[in-house]
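Student: Dumping the structure here so I can ask a few things about it.
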Amino acid sequence: MGGWKFLVCLLLLIDLCSSFLVEQQPLVLTYHNGPLLTTRPAVDVHVIWYGRFSPAQRSIVADFVQSLEASKATEPSVYSWWKTTERYSGRSNKAMPMANTRLGKQKLDAAYSLGKSLKRIHITALVDRAIASRALPVNSNAVYLVLTSDDVTVEGFCMSCGFHANIFPRKNFLLPYAWVGNSETQCPGQCAWPFHQPIYGPQTPPLVAPNGDMGIDGMIINVATVLAGAVTNPFNTGYFQGDAGAPLEAVSACPGMYANGSYPGYPGNLLVDKITGASYNGHGVNGRKFLLPAMWDPATRSCKTLV
């Protein structure tokens, strides 16, 4: 029995020592030599609204996209956050002039043309149909953003709050597209945190959403995530770490970080609106305030927050 105890202790000691010897892999997003949208002179964000969205909800998202180019917004600004993408410069290793990121055409599909339960192939079909019908233009310098309302289920919703991919339409080039769903009634603890209590971890009180809509303000976080991924890794040959099939990208590499002092379960020391009590870290157009996630900065090789 004594020999057995000695063996167990020895194995535990070896395991403990090995945990000190194995270094954590540094967070470095490697460039994989493919095309980037960050090097294009302009990037349009075309939006497909699928399902039930109020005019007020659509205006919040539209204002966010327009804020990406609002260079005169009060600091800290959405523009300053987005400007980090210019450092994803590809082979040149030199920061490119900031791409003019604009709100493009918009298409409303309030009649749920493909039903209320969608698979990923349906997201692709929505983009393809919008282009084929000429509701949206064919544009290789664009991201086609599909947004689904809170009463629409999408395959893998609770595993992913949004994704970006690409399609090969009737032209000879790939087009990047992305999807984000309104998570007010679906996995809000995962996809609308920190405006909802988290699914796991410390059950801290949720923050007040800056635009008064937990679902839409949560969508903004996820729209920011997929847009940053789409411009810095549009065809799975750009900047990422890990497997190309499940990469860590510009924002997804920095989960749960929104401000200085953040740690798992705590978003960080955010700005707070004195009147509404809402938490935010970025200013946009039309007096809007938004909460934006950290983005990996190629210059410092670290996750960068606005505040």
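Student: What is the angle, in °, between the Cα long axis of helix 2-21 and the longest principal axis of the Cα atoms in the chain? Nearest 10 is fine, range 0 to 90.
Tutor: 40 degrees
Student: Could you point to the label whose value was computed as semi-axes √(5λ) of the Cα gyration tensor in Å for the structure here, given (i) 39, 23, 17; (ii) 48, 25, 14; (iii) 34, 24, 22?
Tutor: Only one option fits the structure, namely (iii).
Student: Right, another one. Mind grabbing the accessible area of residue 140 for me, 1.4 Å probe, Å², rounded to tens?
Tutor: Residue 140 has an accessible surface of roughly 40 Å² with all protein chains in place.
Student: Give the ranking of 158, 254 by solvent-accessible surface, highest area first, calculated with a 1.4 Å probe.
Tutor: On the way: 158 70, 254 0 Å².
Final ranking, largest accessible area leading: 158, 254.
Student: Taking a probe of 1.4 Å, how large is the accessible area per residue of the chain, in Å²?
Tutor: Result: 48 Å² of accessible area for each residue.
Student: Length gain on complete extension for the stretch residue 140 to residue 28, per 0.36 nm per residue less the alpha carbon to alpha carbon distance?
Tutor: Gain on stretching residue 140 to residue 28: 37.5 nm.
Student: I'd like the distance between the alpha-carbon centres of region 102-175 and region 188-232, rounded to an integer number of Å.
Tutor: Centre-to-centre (Cα) distance: 21 Å.
Student: Expressed in nm to one decimal, what extension gain is obtained for the pair residue 153 and residue 91 from 0.36 nm per residue of sequence separation less their Cα-Cα distance?
Tutor: Extra length available between residue 153 and residue 91 comes to 18.3 nm.
Student: Please identify, among 238, 277, 287, the residue showing maximal mean-square fluctuation in a Gaussian network model of the chain using a 10 angstrom Cα cutoff.
Tutor: Maximum among the listed residues: 287.
Student: Determine the alpha carbon to alpha carbon distance for each of 83/274; 72/289; 119/304; 105/304; 72/105 and list only those over 25 Å.
Tutor: Over 25 Å apart, Cα to Cα: 83/274; 119/304; 105/304.
Student: Please report, in debye to the nearest 20, how large the charge dipole of region 39-304 is about its Cα centre when each Lys and Arg carries +1 at its beta carbon and each Asp and Glu carries -1 there. Walk me through the intermediate numbers first.
Tutor: Values: 23 positive and 17 negative charges, 158 e Å.
Dipole of region 39-304, to the nearest 20 debye: 760 debye.
Student: Next question, about the same structure. Just the number, please: carbon plus sulfur as a percent of the accessible area of the chain, 1.4 Å probe, no ligands or DNA/RNA counted.
Tutor: On the way: 8490 of 14730 Å².
Taking all protein chains in place, the chain shows 58 percent carbon and sulfur surface.
Student: Further question on the same structure: Based on the Cβ-Cβ distance from residue 237 to residue 125, what FRET efficiency comes out when R0 is 30 Å, to the nearest 0.05?
Tutor: 0.80
Student: Follow-up. Using only Cα atoms and rounding to the nearest 10 degrees, what angle (0 to 90) does helix 120-132 make with the longest principal axis of the chain?
Tutor: Tilt of helix 120-132: around 30 degrees.
Student: Against the longest alpha carbon principal axis of the chain, how many degrees, from 0 to 90 and to the nearest 10, is the axis of helix 214-232 turned?
Tutor: Tilt of helix 214-232: around 90 degrees.
The values are calculated or read from the model by the stated rules, or taken from the named source; none is laboratory data. Everything numeric in this text was worked out from a predicted model, so none of it was measured. All Cβ positions, glycine included, derive from the backbone under ideal geometry; neighbour counts span all protein chains shown. Please note that ligands, DNA and RNA were not included when accessible areas were found on the heavy atoms of the full protein model with its side chains. Shrake-Rupley method; radii C 1.70, N 1.55, O 1.52, S 1.80 Å.
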